[in-house]
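Heads up, the thing below is written out as structure tokens.
The values are calculated or read from the model by the stated rules, or taken from the named source; none is laboratory data. Being a predicted model, the structure only gives us computed values, none of them experimental. Quick reminder, even Gly has a Cβ in these numbers, built from the backbone with ideal geometry, and neighbours come from all protein chains shown. SASA here: full protein model, heavy atoms, side chains in, ligands and nucleic acids out. Shrake-Rupley method; radii C 1.70, N 1.55, O 1.52, S 1.80 Å.
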Amino acid sequence: MAKNDVKLLGVWASPFVMRARISLSIKSVNYEFLEETVGSKSELLLQSNPVHKKVPVLIHGDKPICESLVIVQYIDEVWTSGPSILSTDHYDRAIQRFWAAYLDDKWFPAMRRIRGAQGEERQELVDQVVEGLALLEEAFGKYSKGKAFFGGDQIGFIDIAFGSLLGWLRVTEKLGEVKLLDEAKTPGLVKWAESFCADAAVKSVMPETEKLIEFSKLLMAKMKGAPPPKN
């Protein structure tokens, strides 16, 4: 398939865009990455995702597919020649979707709120995120069966859903001055995170923490209408 037949609209810092990029890499799909400008929306984005008006959007031929987890499943189903991302077992697929939904609906939103929270609310959020990591540690031990990833020997659906959030977890830890992923409490996840970030499908798209921190500061300044922070 020609490279221009597959396009991905996205922003380099988005963990949700990263999910699509990792999946395309796993399947060895050539694609054109169309970087959106933060703070504005291209006409192609508005036409391709008129409902949510956000990235990522995968355009396959002239057909747009929206929402990161939907895109990952689409990639897995369309490009069957590469390694499978979701399990072929129906129950296992349901479990994988459950954890991905938990990450997006509960765990990540709580983590994002830590930096802006104070006092009792902040502690409640930290506790919620740490409790979630303990649950994920247990799930990792159960589903990895002693292998490197939730998916076993290779990156799977839960790995992509969770691993894409690692960059922003590190930003939260550094700027929020809080330890979330603790080797003493979640040794399996710490080792898993190292394996995930070192994987060939991930290395080229996982942003450096310092670059994400700078991006975060610029984004917050833009939202508040303040001048960007100086280096």
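Structure summary
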{"read-out": "Count of the stretch 50-66 residues which are touching a residue at least 24 places away in the same chain (Cβ under 8 Å) and not in a strand (DSSP E or B)", "value": "3"}
{"read-out": "Selection count, the stretch 142-184, where residues are part of a loop (DSSP other than H, G, I, E, B), of a type outside the set (Gly, Ala, Ser) and open to solvent by less than 60 Å² (accessible area, probe 1.4 Å)", "value": "7"}
{"read-out": "Count - residues of the stretch 100-131 that are farther than 21 Å from Ser216 by Cβ and of a type in the set (Gly, Ala, Ser)", "value": "3"}
{"read-out": "From Val171, Val202, Val190, residue being modelled with pLDDT of 95 or more and touching a Phe, Trp or Tyr at 6+ places or on another chain (Cβ under 7 Å)", "value": "Val202"}
{"read-out": "Tyr102, sole failed condition from (1) more than 27 Å from Phe215 (Cα to Cα); (2) not in a strand (DSSP E or B)", "value": "(1)"}
{"read-out": "Subset of the stretch 62-77 (residues that are closer than 19 Å to Gln47 by Cβ, out of contact with any strand residue (DSSP E or B) (no Cβ under 6 Å at 6 or more places or on another chain) and among the aliphatic types (A, V, I, L, M))", "value": "Val70"}
{"read-out": "Contacts under 6 angstrom Cβ, first residue in the stretch 99-120 being farther than 22 Å from Ala139 by Cβ, partner in a helix (DSSP H, G or I) and at pLDDT below 95, 6 or more apart", "value": "Arg115/Leu175"}
{"read-out": "Evaluation of Gln123 against (1) at pLDDT 95 or above; (2) of a type outside the set (D, E, K, R); (3) open to solvent by less than 90 Å² (accessible area, probe 1.4 Å) (one fails), failing number", "value": "(3)"}
{"read-out": "Enumeration of residues in the stretch 191-224 that are in contact with a Ser or Thr (Cβ under 9 Å, 6 or more places away or on another chain) and either of a type in the set (Phe, Trp, Tyr) or part of a helix (DSSP H, G or I) (or both)", "value": "Trp192, Ala200, Ala201, Val202"}
{"read-out": "Any hit, the stretch 77-91, residues being modelled with pLDDT under 95, under 15 Å from Phe157 (Cα atoms) and surrounded by 12 or more Cβ atoms within 10 Å (Cβ to Cβ)", "value": "yes"}
{"read-out": "Residue in the stretch 108-116 that is aromatic (Phe, Trp, Tyr) and open to solvent by 20 Å² or more (accessible area, probe 1.4 Å) present", "value": "no"}
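Here's the yes/no breakdown for (1) touching a strand residue (DSSP E or B) at 6+ places or on another chain (Cβ under 8 Å); (2) open to solvent by 90 Å² or more (accessible area, probe 1.4 Å); (3) closer than 25 Å to Met223 by Cα:
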position	(1), (2), (3)
Asp5	yes, no, no
Leu9	yes, no, yes
Met18	no, no, yes
Ser28	no, yes, no
Glu32	yes, no, no
Glu43	no, yes, yes
Val51	yes, yes, yes
Val55	yes, no, yes
